[in-house]
Every structure is written in C-alpha cells, then in structure tokens.
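Engineer: Got a structure for you, written out below as structure tokens; questions coming shortly.
The values are calculated or read from the model by the stated rules, or taken from the named source; none is laboratory data. All figures in this text were calculated on a predicted structure; none of them were measured in a lab. All Cβ positions, glycine included, derive from the backbone under ideal geometry; neighbour counts span all protein chains shown.
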Amino acid sequence: MDVKIHQRFLNVFKLALFSITFLVTGIVAINASAASDSADTSVPSVYNGVTPQRDFVTNSNGDTNQKFTSWISLDDKKSNYVGSKANGTTSSILNLDSYKKNPSSLYEHIRIENDSKDPMPLFVSFGLPLFYPRNISTTATSPVVVYRGNGTVTPTEGSTSSGLTTTYADKDMNYTSEEGTKSWTATDWENLRAIRVQGTLNRGSYYQLDIPLKLENPNTVSFNGASGSDPTFELSTVDQNWGYHNAIFRFAQGTNANNQFGINGKNRYLVTYRSGTNYYRAADIQNLMPIIKPEDIVINNFDASYNATNNDFPYLFSGGYMYVNFPKLKDANGNDWIQTIQNNGYGVPVSNGSFLQRYAWNYSGEAATTANSGGSQWMNKDGIGGINLQLIKVIDVKGINDQDQLTLSQGAKWDPKSNVTIWNPEAMEQKAFPANEKPDLTIESSRPLNADGTLNTSYAGSFDVTYTLKFTYSNKETRTIKKIIHVIIPGSSSNGGGASTPSATTNTTSSSQNGSSNSSTSTSDNTSTSTSSIHATVPDTAAVKGAAVYAIKPIYMYKNATFKKSQRIASYPKTKRTNRPMFVVIGYARSNNGALRYKVRDVNYGKKTANKVGYITANQRYVVNVYYRTMPKNKKITVIAKKGINAYRNLNLTKKIKHYKKSTRLTVKKIVKRNLTTRYQLSNGRYVTANKKLVIQGNY
C-alpha cells in the first residue's frame, strides 16, 4: 500500500515497511479527500512544537540581563530562537504554502539586548542560512535560503548602534566592513554568509537587524526526513567564546488532521486489505470500526520515534509521523477491536515477528499515483474518515456478500474447503503461506455435511459454516481466527418450506491443506475469482500493475489495444540505455487477436510525451522491467548514470551517505524489494537504486 502531492499536498502518505522499527511499528497507507489548491489556513505559518524554546543566549559575563539571539519569521510569525546554551539546537517548521503565498515575508532577525546596569561588550557572529553552504541550484531538492537584499541592513527603529561595528562575511567567510561592501555585486550579496557585531552596547539599549531572505527553489523542495535527521537549513550564532548556538528549520507542507482526515466525532476508520498495489475494502466489518478520536492519535513532526508527550496533534507536516495506537481501540460495540477482527476472519499485521503496537504514517507530500491509492475512493464520505487501517484477510471465502451470506440453489454442489483461501496471517498484505507450511484449518457446519465434505443443499433453509484457523506466529504466540458464513438455500423444502434440518448435530472437517492452494484473490470489495482465469489473461511474466517498465527497442504508443497506424499517440525510437523511455503500467488489455498490451502512463518528464496514456506492447523483446530482479553473477554493479548515484543509510533511500560517480564499480551483498521497486544493498550495508537506467550488472 504505497503511502503516495504535487508541491501542494494532495492527500497521501508513503507506505513501505519502515527500515527503523518504532517499538513494533509498520507503515501503511493513509489518505484523505483531495486538498484544495490553496494552503490550509488552519495550519500555522511557523510551527515550533508543543514546548517551544524562547530563551535568549546570555552574555559570557554571566549577566542574565545581557543577552542576544537570532530567529526566523514568516508571515510575522516567529520561529524558535537559536539554542540558548553553547552547542544547543532548536527546531522549527516553516510552512511552504505560506511562503509561496507571501514570499517577501521571510526574514532572519538578530537582536542584542542590554537591560543591565553595565555596558555590554560583545563579539558575536550571526550566521545566515548559507553559513553552512548548500547547493544554490534551483533544482536542488533541499531548501536553499539566501539573502534577499542588495546592500547592508539598516537597524530596526529604536536600535542603538553607537559603539558597535557591523561587518559582513562573503562566500569565503572573509569579513568586510560596511564601507567595503559597496563594491559587492548582486551575486556577492546573495552569497552573504554571516553578519558580525562587535563593540560595546550601552546599558538599557538594544540592537536589531531584520535580514530579508528568499527561498531559491520552492518548487523542487523535497520532504524526505524529519528536521532532526535531514536538516533543510540552519542558523548558527557564534558567541565570543566560540560557542555555537543553532536552530534547524525545514520547509514543509502541512495539514490539520481534524479537517484533512474527517475527525468529527462521527466518522469511522476505513478498513482495507491489500494485494500488490490494489486495495480492497473490508466491507463486511466496516460497520464495526471505531470512530476516529483525537485521543487515539499521536503526531510527531520533529522526530521519527514515537513520543506521546510531545504530541503535535492536530498539525501534521511533511516529514512528520502520525500514529494510531490501535490495540487500545474498541469496536463500535465497545468490544476489544483486535478480538473482533479475529472473530471475523481478519488478522493484525505483523512486523519483525511481533504484532504491531501502532500504525505509523510518514507524510511525504508526494502525489498519488492512482485514483484509489490507499483506498482514497472510500474516504471522507458515507461516515468514513480519512484514515485507513490495513488488515490481512486471513480467511477468504469465495462467493459471500458483505453480510457474510452465501446463497445457493437447492441441490447445488459447494465444497467449503475448495472455496476458501487461507492467507498468511504473518504479513503486511495478502501473501500465500510458504510452500512448506500448511494452515491448521477446521470447518464446522450447523447442518451436517455430505459424505464428500460438500454442503448439504438438498432442502431449503439456512445454516452456518464456521472456519477456524489456529496459527502460531513467529513470536510463539498462538491466535485463533474465525469466520462464520450464513448459507441460505431458498425455495420449498420437504417439510413445507420451513428451515428445519433433519438433524441437530454439527459436522466437522479438518484440513491441513490450503483449500484452493491460495488460488483466489479478491477482485472487488467482497468477491473473489480464481487466479487461473486471471493468469490466462495476464501471465506471471507480465509486469505488475504500478510497476515501471522501459522500451529496449523502438515502439509506439497507441490509442487502443488493437494497434493501428492511424491511432498512434507517440513514437519512441531506440536510444541508449540511460535515456530509454519509461512508463508505469496502469492496466492490461488484449488486442483483437489476443496479444497482451500494457495500458501505461508516460513518465518521461521533460519530454513532450510526458503524462500521455495509451497502450504499448507487452512483448518482453521490446519492453522489460526498469528495476533489476536478480543479483549480478559476480556480485558487481557499475554506475552508468551520467550524474552518478547516491548511497543511503535506509532502504527507502533516505539519509544520504555517499555519492558514487559514473563508472564506479560496487560490490553487492543482496537485492531487496521496496514496494514495486528494488534496491541493491552494498557490501558496506548502504542502499543504492537497482534502476537499470542508472546501474548495470557486472564490471561494465
């Protein structure tokens, strides 16, 4: 359930099994109704957390009435000051939507106050965002904040500059007097890195500069990582003892959880299960879901680890985390929620061998790739809010409706064993059992079964069939998962149409096999179909829906699945590997003669064909997966990307560690799946992409 907004958030969160486990936590999808084009006015322009730090730095002589600091403002809202203690750090979030709406309101402020009885000697350097240099390119993914002025800064009204000297640091950290900056160019001013104030401030006086700033790349800002682990930009104020007082900031897009996720005291959690990239609504238990309550939710915007004390609810910013402590939830009838789930054929997702103690979502601000990402088509309507709790549909009975009813004709043959699939409870989505494991399934019927194990449909009436699975998880905990279906045989019966049965006994059958050998997969909210027919339409060798493919030979995109020259939408000539045209598979079709086609979206951004939708061949001689699925024979890969690739600490390619240039040869330890893509883990533990346009197997 991959959790996927333009530079304004749409409604999605990234999903993946997270490489860091928060107690026992997984990441599943959370979506809401589409946001408007305007910023969410209920989210602050500047957010400083639950316990914002507001202390000044005390002058080194120990007089608490002699102090200084620096901070950022946006829309006249103040950030946290830099850390009051040497080497201390504070954090604040700046709302990117607020900046785009009012870009001229971004300032850094420096202030020195002397409320003591004595003069205040000082020698303080106030760092601008470029004090720590960053890539100034407008295509940079981390925010690049520079000086917006074109000359020296005039002290604010009321400031006393008598006895003080102000100097300006250029890109090489050479300090220049105000007089010396007269020869500076616009580029010199944009590269301003620090302002130093030294001298003596008279008692009862203050000195303040309001320094205009601008964000160079508002449309390419990336939101990966919280500010504590991936700082976007930093202020550093250096005192006369060379103590650094820091503040870290990140631009982010925000949402008010109450508004965005429909938390109104009435809406319930959405509940789904997932197969591959497709979500299916667990309609049979939706009415049992709890109402979404603020007290069940914790938001941490500044740290990737769960902290209920510093709960930022209702403000959730990109790069932040939102948690639901679901073991404490009660169902609609006030019963234990997890027990209710297990009594209805579902299981709780498991991570690292233990039951999830909470669901966690990392808000990334990325665009949804499909209209129904994370079940968004069911959210924020019909009494359902915008938070999805994903389960495992363990006992999957074919043919029943949302009320767990199965209607059969009198005399029909129906085998309860061959019409059920048991999915692995120890998973995050619908997965088959390992080949060497068989589920311990028992089937009971309130009407005696036939000798061959099929249902007795010889006379009209209704009865129950109970499926019971006992499963021991890898943490040695055994759980019982049940599913009761109600079988209805309409029509007249031998006793005049009543619902009686010839015997009150219960017939029981046990099965050590997986029913239909995991041969069914959900195709709608509440029905199943045999995968044999699916495989006949889409072979196992085909790219799965949502996967990326590219053309290795010249191809065309067509309007329809039956290719006609007059219906060509775009042409893709043969090109070198790193420039091969790439597509995302969004569906399948067959031509009139039965040839399989991919329905695709062109993702060759920057090209005229970008975002076109049409049909291309699924022939593997022409179109293949973009991502490697295997290890290289010699455990070597070579970087072929012109600009090189990055290595990261985390599987989700966050926390960049190193950059590898083109032609660099790397040793691979293993290949790891990441949703519908893959990564290579290097021998040093770092992760790199397995995209064939960027790396190639072997010593190339």
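Engineer: Determine which single condition ASN592 fails, assuming it passes every other condition in (1) part of a loop (DSSP other than H, G, I, E, B); (2) closer than 24 Å to LEU676 by Cβ.
Structural biologist: ASN592 satisfies every listed condition except (2).
Engineer: Can you list the strands (runs of 3 or more DSSP E) lying wholly within segment 402-496 that have 1 or more residues being surrounded by 14 or more Cβ atoms within 10 Å (Cβ to Cβ), out of contact with any His (no Cβ under 8 Å at 6 or more places or on another chain) and among the hydroxyl-bearing types (Ser, Thr, Tyr)? Outline the logic, then answer.
Structural biologist: Values: elements: 405-407, 420-422, 440-445, 461-472, 478-489.
Because the criterion is at least 1 residues that are surrounded by 14 or more Cβ atoms within 10 Å (Cβ to Cβ), out of contact with any His (no Cβ under 8 Å at 6 or more places or on another chain) and among the hydroxyl-bearing types (Ser, Thr, Tyr), the strands (runs of 3 or more DSSP E) in segment 402-496 that meet it are 405-407, 420-422, 440-445, 461-472.
Engineer: Can you name every residue in segment 245-291 that is among the hydrophobic types (A, V, I, L, M, F, W, C), within 19 Å of the chain's Cα centre (by Cα) and not in a strand (DSSP E or B)?
Structural biologist: Result: ALA257, PHE261.
Engineer: Also: Quick one: which of ALA595, ALA641, ALA610 is under 28 Å from the mean Cα position of the chain (by Cα) and either aromatic (Phe, Trp, Tyr) or outside the structural domain of TYR687 (by TED's automatic domain parsing) (or both)?
Structural biologist: After ruling out the rest, the residue left standing is ALA610.
Engineer: Of the numbered conditions (1) under 21 Å from ASN87 (Cβ atoms); (2) of a type in the set (Gly, Ala, Ser); (3) modelled with pLDDT of 95 or more, SER183 fails exactly one; give the number of that condition.
Structural biologist: It fails just one condition, (1).
Engineer: Report yes if ARG674 is modelled with pLDDT of 90 or more, crowded, with 18+ Cβ neighbours inside 10 Å, charged (D, E, K, R) and under 26 Å from the mean Cα position of the chain (by Cα), otherwise no.
Structural biologist: no
Engineer: Right, next: Output yes when any residue across segment 335-352 is of a type in the set (D, E, K, R), at pLDDT 85 or above and not in a strand (DSSP E or B), and no when none is.
Structural biologist: Within segment 335-352, not a single residue is of a type in the set (D, E, K, R), at pLDDT 85 or above and not in a strand (DSSP E or B).
Engineer: Quick one: in segment 353-394, of everything that is at pLDDT 80 or above and polar (S, T, N, Q), which residue is nearest to ALA432 (Cα to Cα)?
Structural biologist: GLN390
Engineer: Within segment 292-316, take every residue that is touching a helix residue (DSSP H, G or I) at 6+ places or on another chain (Cβ under 9 Å) and not in a loop (DSSP other than H, G, I, E, B) and give me the one that is surrounded by the fewest Cβ atoms within 10 Å (Cβ to Cβ).
Structural biologist: For segment 292-316, the residue satisfying everything is PRO294.
Engineer: With respect to the numbered conditions (1) assigned by TED's automatic domain parsing to the domain that holds TYR556; (2) in a loop (DSSP other than H, G, I, E, B); (3) not basic (Lys, Arg), which one is the sole condition not fulfilled by TYR615?
Structural biologist: (2)
Engineer: Taking only pairs six or more apart or across chains, which ones have beta-carbon atoms under 7 Å, a first residue in segment 166-194 that is more than 23 Å from ILE112 (Cα to Cα), and a second residue that is aliphatic (A, V, I, L, M) and assigned to a strand (DSSP E or B)?
Structural biologist: Hits for this filter: GLU190/VAL146.
Engineer: Also, quick follow-up: Cβ-Cβ below 6 Å, separation at least six or inter-chain, first residue in segment 295-321 and at negative phi, second among the polar types (S, T, N, Q) and outside any loop (DSSP other than H, G, I, E, B): which pairs?
Structural biologist: PHE302/SER91; ASN307/ASN300; PRO314/ASN256; PRO314/ASN258; LEU316/THR255; TYR321/ASN300; TYR321/ASN362
Engineer: Out of LYS599, LYS633, LYS608, report the one residue that is of a type outside the set (A, V, I, L, M, F, W, C), within 18 Å of ILE569 (Cβ to Cβ) and part of a loop (DSSP other than H, G, I, E, B).
Structural biologist: The match here is LYS608.
Engineer: Same structure, new question: Being loosely packed, with under 14 Cβ neighbours inside 10 Å, out of contact with any strand residue (DSSP E or B) (no Cβ under 7 Å at 6 or more places or on another chain), over 30 Å from TYR363 (Cβ atoms) and of a type outside the set (A, V, I, L, M, F, W, C), is that true of even one residue in segment 678-688?
Structural biologist: Yes, segment 678-688 contains at least one residue that is loosely packed, with under 14 Cβ neighbours inside 10 Å, out of contact with any strand residue (DSSP E or B) (no Cβ under 7 Å at 6 or more places or on another chain), over 30 Å from TYR363 (Cβ atoms) and of a type outside the set (A, V, I, L, M, F, W, C).
Engineer: Can you name every residue in segment 378-401 that is assigned to a strand (DSSP E or B) and among the acidic types (Asp, Glu)?
Structural biologist: ASP396
Engineer: Within segment 344-360, which residues are more than 21 Å from the chain's Cα centre (by Cα) and over 11 Å from VAL394 (Cα atoms)? Break it down stepwise before answering.
Structural biologist: Here is the first cut: in segment 344-360, the residues more than 21 Å from the chain's Cα centre (by Cα) are 344-347, 353-354.
Within segment 344-360, GLY353, SER354 meet the criteria.
Engineer: Just checking: which of the strands (runs of 3 or more DSSP E) contained wholly in segment 48-147 hold 3 or more residues that are crowded, with 23+ Cβ neighbours inside 10 Å and either in the same structural domain as GLY243 (by TED's automatic domain parsing) or modelled with pLDDT of 95 or more (or both)? Steps first, please.
Structural biologist: Working: elements: 66-74, 89-95, 107-114, 120-127, 145-147.
Filter on segment 48-147 gives 66-74, 89-95, 107-114, 120-127.
Engineer: Could you tell me whether any residue of segment 597-613 is more than 29 Å from VAL688 (Cα to Cα) and in contact with a Pro (Cβ under 9 Å, 6 or more places away or on another chain)?
Structural biologist: no
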